[in-house]
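K.L.:
Below is the structure I would like to discuss, written out as structure tokens.
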Amino acid sequence: MIRKYFMASFAIKLLSIVLVGLGIVAGIAYMFFQVPMFLNNDYFQVASVTVIIVLAFLVSSIILAPFEYRLERKYDRTTLDYGSYLGYKIRSRLVFLIPFSILFLIFLLYSLFIPSEDAYSIPFTYVTTLIVIFVIGIMMPRIYGSFLRKERIGNPELSKSIQDLASRMGIKGRIEGAYQVPVRGFKVVNAAQLGFGRRHGRIYLIGNIEELLTKNEVEAVVAHEFAHMKSRHILKLSVILIALMIGMYAVFTVSAYTVLYSLLLTGADISGGLILLSMILLDYVAPFILVYLVILKFRRMFEFEADKIAAQSTSPKYLANSLLKLADYNLLPKKFPRILGGLMSHPSISDRIERLQQIK
């Protein structure tokens with residue numbers, strides 16, 4: 001059952017990515033052929049692509065929502081009616097589309113008031129985009145946290161053990177920012193950490209985690225999230241993302257223009273379709289895919305690192321037990337199919353437990 005649920009869920013996510021990609025390609029093609037300003041104004045181009053991405057995500061979510069709902073109902077993962085489920089999906093998407101919306105507004109204003117025909121428009125566009133992404137990265141944990149229906153941890157003993165664990169692991173600052181997130185209508189138990197560093201990070205215990213895990217196992221899970229906070233993994237991922245964007249997008253953009261100019265110099269007859277295809281593949285598709293895959297690789301590395309720190313702070317045994325229980329409850333397979341492992345944000349449970357068994 002677990003494997004069937006996972007594969008069906010993964011297929012829907014993969015289809016979502018395909019639909020988003022097709023929506024972006026169709027949107028860019030329309031702007032390319034129908035809106036001259038798209039090619040003549042760098043700022044308007046960024047604004048246009050941003051709103052195309054937002055619309056593609058929303059449309060994809062609405063199209064696939066019935067299939068996701070049927071899957072969740074089939075495996076008893078939700079008790080919501082379809083209307084409530086669709087509303088939840090849209091709200092969750094809107095939260096993560098906030099950065100794109102801010103980027104859209106900034107570049108829309110640029111396109112209206114700042115000329116983009118000079119030689120500095122492309123570097124200025126890159127620098128502005130990176131600054132906005134970094135600032136939003138700082139703000140996003142707080143923004144996302146404000147949308148969660150969270151409450152203070154009701155168990156005084158658990159609250160005190162989290163405080164003691166934070167002190168033992170060298171976590172300082174706002175450790176009172178540990179919350180329980182009640183889950184209504186969904187069958188899910190998990191834990192998460194939001195925030196860039198040790199002083200302003202927050203821990204979220206999602207669902208009835210105390211009913212599923214023992215006290216020691218809950219502490220091991222919290223220690224894993226503290227380890228992310230202690231190692232500043234979110235900050236590191238943000239810096240890596242920015243560096244990859246600078247490197248890969250610059251390389252592919254330069255490559256796109258180099259190919260086109262080379263063809264022009266040789267007197268080749270370049271059609272609008274060829275220019276469009278080159279721009280989409282080299283400016284958007286290729287760098288996005290590579291950046292995404294590299295970020296996933298780093299995320300898996302950071303999960304192993306957090307496991308090691310948490311196991312040394314609590315117990316490898318308790319952390320391994322908690323991973324097994326969480327995997328069973330959330331219908332996550334112990335081992336991913338080989339071809340899918342590189343597309344996961346977390347290592348497989350079996351790989352994580354294998355490493356935990358090597359820790360003394």
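K.L.:
If only one of Ala56, Ala11, Ala29 is without any contact (Cβ under 8 Å) to a residue 24 or more places away in the chain, out of contact with any strand residue (DSSP E or B) (no Cβ under 6 Å at 6 or more places or on another chain) and small (Gly, Ala, Ser), which one is it?
P.N.:
When all the criteria are applied, what remains is Ala11.
K.L.:
Conditions first: (1) touching a residue at least 40 places away in the same chain (Cβ under 8 Å); (2) of a type in the set (A, V, I, L, M, F, W, C); (3) out of contact with any Ser or Thr (no Cβ under 7 Å at 6 or more places or on another chain). Ile289 passes all but one, so which condition is the exception?
P.N.:
That leaves (1) as the condition not met.
K.L.:
Inside segment 326-360, can you point out the residues that are assigned to a helix (DSSP H, G or I) and among the small types (Gly, Ala, Ser)?
P.N.:
Selection gives Ala327, Gly341, Gly342, Ser350.
K.L.:
Could I ask something else about it? Condition first: of a type in the set (Asp, Glu), surrounded by 13 or more Cβ atoms within 10 Å (Cβ to Cβ) and more than 16 Å from Leu15 (Cα to Cα). Now tell me which residues in segment 56-94 satisfy that.
P.N.:
Glu72
K.L.:
Do we have any residue at all in segment 5-21 that's more than 19 Å from the chain's Cα centre (by Cα) and either outside any helix (DSSP H, G or I) or surrounded by fewer than 17 Cβ atoms within 10 Å (Cβ to Cβ) (or both)?
P.N.:
yes
K.L.:
Something else now. Identify the residue in segment 163-179 that is at pLDDT below 85 and surrounded by 15 or more Cβ atoms within 10 Å (Cβ to Cβ) and, among all such residues, is nearest to Ser315 (Cα to Cα).
P.N.:
This residue is Met169.
K.L.:
For segment 130-154, how many residues meet the condition of being surrounded by 15 or more Cβ atoms within 10 Å (Cβ to Cβ), at pLDDT 75 or above and of a type outside the set (A, V, I, L, M, F, W, C)?
P.N.:
1
K.L.:
Does Arg73 meet the test of being without any contact (Cβ under 8 Å) to a residue 60 or more places away in the chain and either touching a Leu at 6+ places or on another chain (Cβ under 8 Å) or not aliphatic (A, V, I, L, M) (or both)?
P.N.:
Judged against the criteria, Arg73 is a match.
The values are calculated or read from the model by the stated rules, or taken from the named source; none is laboratory data. Quick caveat: nothing in here was measured; it's all calculated off a predicted structure. Note that each Cβ is placed from the backbone with ideal geometry, even for glycine, and that neighbours are counted across all protein chains shown.
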